[in-house]
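The values are calculated or read from the model by the stated rules, or taken from the named source; none is laboratory data. Keep in mind that this is a model prediction, so the values were computed, not measured. When we count neighbours, we look across all protein chains shown, and the Cβ atoms used for this are built from the backbone with ideal geometry, even at glycine. For the accessible areas, the whole protein counts, side chains as well, though only heavy atoms, and no ligand, DNA or RNA atoms are used. Shrake-Rupley method; radii C 1.70, N 1.55, O 1.52, S 1.80 Å.
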2 protein chains.
Amino acid sequence: MNGAESLVRTLLASGVDVCLANPGTSEMHFVSALDRVAGMRCVLGLFEGVVSGAADGYARMAGKPAATLFHCGPGLANGIANLHNAKRARVPLVNIIGDQATYHKPLHPPLAADTEALAATVSQWVRTAARVEDVGTEAAAAVAAARAAPGSIASLILPSDVSWNEGGAIASPLAIAPAEHIVEAAIAEAAALLRSGEPTLLLLGGAALSGRALLDAARIATLPNVKLMAENFNARVERGGDRPFVPRIPYPIDAALAALAGVRNVILIGARDPVAFFAYPGKPGRLLPDSAVVHDLATPADDVGDALARLADAVGVGPYAPAPQAPTPDVPGGAVTPEAVAAALAALLPEGAIVADEGLTFGFALYPNTGNAAPHDWLQLMGGAIGNGPPLATGAALGAPGRRVINVQGDGSALYTIQALWTQARERLDVTTIIFANRRYEILFDELKNVGAAAGAASRALFDIADPAIDWRALATSFGVESARAETMKEFTDLFGVANRWRGPFLIELVVP
Amino acid sequence: MNGAESLVRTLLASGVDVCLANPGTSEMHFVSALDRVAGMRCVLGLFEGVVSGAADGYARMAGKPAATLFHCGPGLANGIANLHNAKRARVPLVNIIGDQATYHKPLHPPLAADTEALAATVSQWVRTAARVEDVGTEAAAAVAAARAAPGSIASLILPSDVSWNEGGAIASPLAIAPAEHIVEAAIAEAAALLRSGEPTLLLLGGAALSGRALLDAARIATLPNVKLMAENFNARVERGGDRPFVPRIPYPIDAALAALAGVRNVILIGARDPVAFFAYPGKPGRLLPDSAVVHDLATPADDVGDALARLADAVGVGPYAPAPQAPTPDVPGGAVTPEAVAAALAALLPEGAIVADEGLTFGFALYPNTGNAAPHDWLQLMGGAIGNGPPLATGAALGAPGRRVINVQGDGSALYTIQALWTQARERLDVTTIIFANRRYEILFDELKNVGAAAGAASRALFDIADPAIDWRALATSFGVESARAETMKEFTDLFGVANRWRGPFLIELVVP
């Protein structure tokens, strides 16, 4: 058995059975092994940013890692922006990076690059398989590293000669390091604070925003003066139906500071002490008031669910009682506004939908105004590297078959990784892409205002994408995706209804102001 | 003056007056400075790989660096593949990378990344401007580093607070380190070999393939038993008209070995000891026979033109006499084959055309069969990271206004950076893109055969892009580019003639077997 085959068989033995790939010559033996070994679903991305972003979306929904397959350092580099996002999402992910043969790389052939250095920028675990005998054990170690709580990026670099040499051995799955339990004293201290009646914010992140953990958090928030809030950006929030609504810290700096002004006590549960997305002259980097007392109860790597269950028991609250929901709004007509689109989503989101949100400026209003929709999951861009939404939606659909994925998407950011549409068509994935077409990088015009400057010729040349306007229907057609265009709320809601029942991908260009 | 303005003014003072950009929030002060300072042409790419590839093409034709503008580490990462190619092309290029404020980065905001580590993988010179007073001098140093022979990638990281702080100072241009002259003894030794009548190959690279240097090389090759050859990949070859035809080392390993079999003496002039693109089991990594004697006369960093001029004088050859060219072929009809397309290009290439060649498998026949075309330049993918052609063509058009750029382009590789079409439309660039649509990664099917394997289900899923087929006309339309489709040579030659007279970009989908 060669190294490549030992790798494929070890990945399968460790439960990794989806491979998102953009292979090249140095991966030929790996691909050939995939031909011989049954059980791995191979999904092609036309660009590596699609591969890495889809692996992120897959992991968020499937709860386990996919493998990626990249071609040498430059191929990996194309995937780095979405690996950065995936790392910030704390998902498990295993990169397989084919590379030059060990004896050939010193000759500095054209595609030779510092693959380890590139991988290290977005991975908690990086190894180069130096000997064919070790490929299996390295692969098992990579999967275990990726799956250790809360989830990590593991990158295994496979030189082509190590891949083709004979002598590979399948390795058994390794034990996964469990999440840390929180010591009783910390639980008791937090419980005392919560019971004291002191105004206290439970700031939730990571695993605290789904499943039983979320309901336990809501139980605790029935105590007087206790409130829930989620981090600015969250990998996956379960919401809608009778689940609790958890507001998020807003993105714009002034709104974020206002949302947290006056906070006196904070208990972090799977969340970090919140910081501004960027620095701005004269504004603080930390978002909490300096006077706030911060209790770091459970980090994202800890057993957040266990901590919340024990905390809820310790404060002595009853079982979760669904709060009465605001009625679902009527489907709105009239002009296209963020609030109207949010109302339409709230009214029409199909049960079990997955929203992949890279809506940026136009999308800011969506999350706050859709808590009363049917039960759904909400996935965000986690690392700020735009071009995440279409790949993320693609991967979410792969990871949760049978659920409709709704990608709410800014037009500028969509264009970084728009090749994802092709993979959606190729795999017949049930993804609806809603492009908010304002034909500019609105967020940059906003940021320029923050700088105190009016937009001049250079700014307009760099922020405005109306000349020429992207023809979104043609773009969808080019990649084999059905599409339509809406300029009014009536058109949008009609099309959204159609898209929800569509088999396979569908793109709606929504012209927004 | 703030740091950003001192940077813009210093770049202009150093002769850098084109900025290829994909900015974000941390670059707002730089963009605002561009609004206030006249003289910098700002060109937007919808994706960073377009920016970096266009900067490469610009430098190859303009002979001086453009500035790029990237947003933080992940934005830079998106540009790395084409920076890798640019580094292998040895072009001068200055990256400006906006980053988190110095005091904010330790808080680990979402977009924080190891920007220096990413830059170091593709740069000979990397610095982070730590103080506003130093921004001007760092910028001048970056330009000088980029312009040192033969050309380097310089990356200047600009934290946002260093950009917005007051106290910037414009720096004067620094002296550019000249290329090294070759010592007389080495010239004499090479001359003696050339005059000896021993069979000798002059292997040319870099600056040896254009201008006076190329003609001097051709003069030397009039000696008995002396032959010229170029490296496998060349950043810019001036050819056609009455210029000498220099064959290249072929890409496929067996053809490359065959082309160099029996070589006894090699003089490297701006070229490296040639190596295989990839390692293959049982085949050598170096392409020259072990028995060949290699004389490393001039490295790419040396003054190659001076070396060739002195060498030609030393061997005592006469002035350059244009070799009689093969007649330009008739415009071919019939079936679409690589040779027929080459003949059509040879017959119809407009004088002064620039060919940006990422034609890959279908394109292998083009260079060898177009030496008798009208005078033109030929630019290749230098680092093997595919997705180079459309951006390279875009930049070449920016760097050589008034000349038609012909991008001969494989379909699979075009899809990595196809957003370049939009910049071509935006800037009304005279670029003709010819997509060789075979709807598969043909090179990988070839490589799989080299592995000795037949393509199974996984290989076909990962190498075949026919389901769904890309609709190239729709894709061109989506980005504002006129297009047409050809299925026969007659259709192709008619369309190519139209495209050559078109104002602005034009895309031809050529359906190939």
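Working from the alpha-carbon coordinates of region B:190-303, get Rg over Rh, Rh being the Kirkwood radius. Working shown, then result.
Numbers: Rg = 13.7 Å, Rh = 14.4 Å.
Checking Rg against Rh, the ratio lands at 0.95.
Think of the protein assembly as shown as a dipole: +1 on every Lys or Arg Cβ, -1 on every Asp or Glu Cβ, centred on the Cα centre; then among B:Trp125, A:Ala326, B:Pro322, A:Ala326 lies furthest on the positive end. Pull out a ≥ b ≥ c, the square roots of the eigenvalues of the alpha-carbon gyration tensor of region A:394-461, then state rounded if a/c is under 1.5, prolate if not and a/b is larger than b/c, and oblate in the remaining case. It is prolate, given that a/c is not under 1.5 and a/b is the larger ratio.
Mind giving me the FRET efficiency for B:Arg428 and B:Lys449? R0 is 45 Å, r the Cβ-Cβ distance, nearest 0.05 is fine. It would help to have the intermediate numbers written out before the result.
Values: r = 44 Å, r/R0 = 0.97.
Taking R0 as 45 Å, the efficiency between B:Arg428 and B:Lys449 is 0.55.
Does region B:97-164 classify as rounded, prolate or oblate by the C-alpha gyration tensor (a ≥ b ≥ c root eigenvalues; a/c under 1.5 gives rounded; else a/b over b/c gives prolate, otherwise oblate)?
Details: a/c = 3.71, a/b = 1.55, b/c = 2.40.
Oblate.
With respect to the axis relating copies A and B by rotation, the chain A residue whose beta carbon is closest, plus that distance in Å, is A:Ala474, 2.
For region A:324-456, what does the equivalent ellipsoid look like in terms of its semi-axes, each the square root of 5 times an eigenvalue of the Cα gyration tensor, given largest first in whole Å? Each step should come with its number before you reach the end.
Details: eigenvalues 125, 89, 28 Å².
Semi-axes, largest first: 25, 21, 12 Å.
Label sites at A:Glu133 and B:Tyr103, each approximated as a point 7 angstrom past Cα along Cα to Cβ, lie 5.6 nm apart. Label sites at A:Glu491 and A:Ala374, each approximated as a point 7 angstrom past Cα along Cα to Cβ, lie 2.6 nm apart.
Other protein chain C-beta atoms within 10 Å of residue C-beta, averaged over B:495-501: 0.
May I have the convex hull volume per residue, in Å³, for the Cα set of region B:54-100?
On the way: hull volume 2.6 nm³, N = 47.
Here the figure is 56 Å³ per residue.
If one takes the accessible area of chain A alone plus chain B alone and subtracts that of the pair, with a 1.4 Å probe, what total in Å², rounded to the nearest 100, results? Roughly 7700 Å². Applying a DSSP loop filter and a limit of 15 other Cβ atoms within 10 Å to the GluC sites (Glu not before Pro) in region A:348-440 leaves A:Glu351. Working note: 222 nm ellipticity from helices only, DSSP H runs with n ≥ 4, each -39,500 (n - 2.57), summed and divided by the residues of chain A, gives -11000 deg cm²/dmol to the nearest 500. Ascending distances from the A:Pro368 label point to its copies in the other chains, with the point 7 Å along the Cα-to-beta-carbon line: 6.7 nm. Inter-copy label distances at A:Asn500, using a point 7 Å along Cα-to-Cβ, come to 5.7 nm with the shortest given first. For the pair A:Lys283 and A:Glu351, a Förster radius of 45 Å applied to the C-beta separation gives a FRET efficiency near 0.65, rounded to the nearest 0.05. By the Stokes-Einstein formula, at 1.306 mPa s and 10 °C, region A:265-358 with its Kirkwood radius over alpha-carbon pairs has D equal to 89 µm²/s.
Return the loop-located chymotrypsin sites (Phe, Trp or Tyr not before Pro) in region B:96-194 (DSSP other than H, G, I, E, B) with at most 15 other Cβ atoms within 10 Å of their own Cβ; answer none if there are none.
Sparse-neighbourhood loop chymotrypsin sites (Phe, Trp or Tyr not before Pro): B:Tyr103.
Take peptide A:448-454, look around each residue's Cβ out to 10 angstrom, count Cβ atoms belonging to other protein chains, and average those counts. Kindly include the intermediate steps, with their values, before the conclusion.
Working: counts 6, 1, 2, 8, 2, 7, 2.
Mean number of neighbouring Cβ atoms from other chains: 4.
State whether chain B is rounded, prolate or oblate according to the following rule on the C-alpha gyration tensor (a ≥ b ≥ c being the square roots of its eigenvalues): a/c under 1.5 gives rounded; otherwise a/b larger than b/c gives prolate, and the remaining case gives oblate.
Values: a/c = 1.69, a/b = 1.22, b/c = 1.38.
In terms of gyration-tensor shape, oblate.
Using just the Cα positions, wrap region B:305-360 in a convex hull and report its mean projected area in square nanometres, one decimal place. Could the numbers behind the result be given before it?
On the way: hull surface 26.1 nm².
That works out to 6.5 nm², a quarter of the Cα hull's surface.
Note on B:102-111: average number of Cβ atoms from other chains within 10 Å of each residue's Cβ is 6. Could you tell me which trypsin sites (Lys or Arg not before Pro) in region B:460-507 are loop residues by DSSP with no more than 16 other beta carbons within 10 angstrom of their beta carbon? Those that pass, being in a loop and sparsely packed, are B:Arg503. All C-alpha to C-alpha distances of the protein assembly as shown, sorted into 20 Å bins beginning at zero, yield P(r) values of 13, 44, 34, 8, 1, 0 percent in whole numbers. Multiplying the residue separation of B:Arg264 and B:Ala321 by 0.36 nm and subtracting their alpha-carbon distance yields 17.8 nm. Annotation for A:Asp296 and A:Arg460: the two label points, set 7 Å from Cα along the Cα-Cβ direction, are 4.9 nm apart.
Inter-copy label distances at A:Arg41, using a point 7 Å along Cα-to-Cβ, come to 4.9 nm with the shortest given first. Counting only Cα atoms, region A:4-117 measures 43, 33, 22 Å along its principal axes, largest extent leading.
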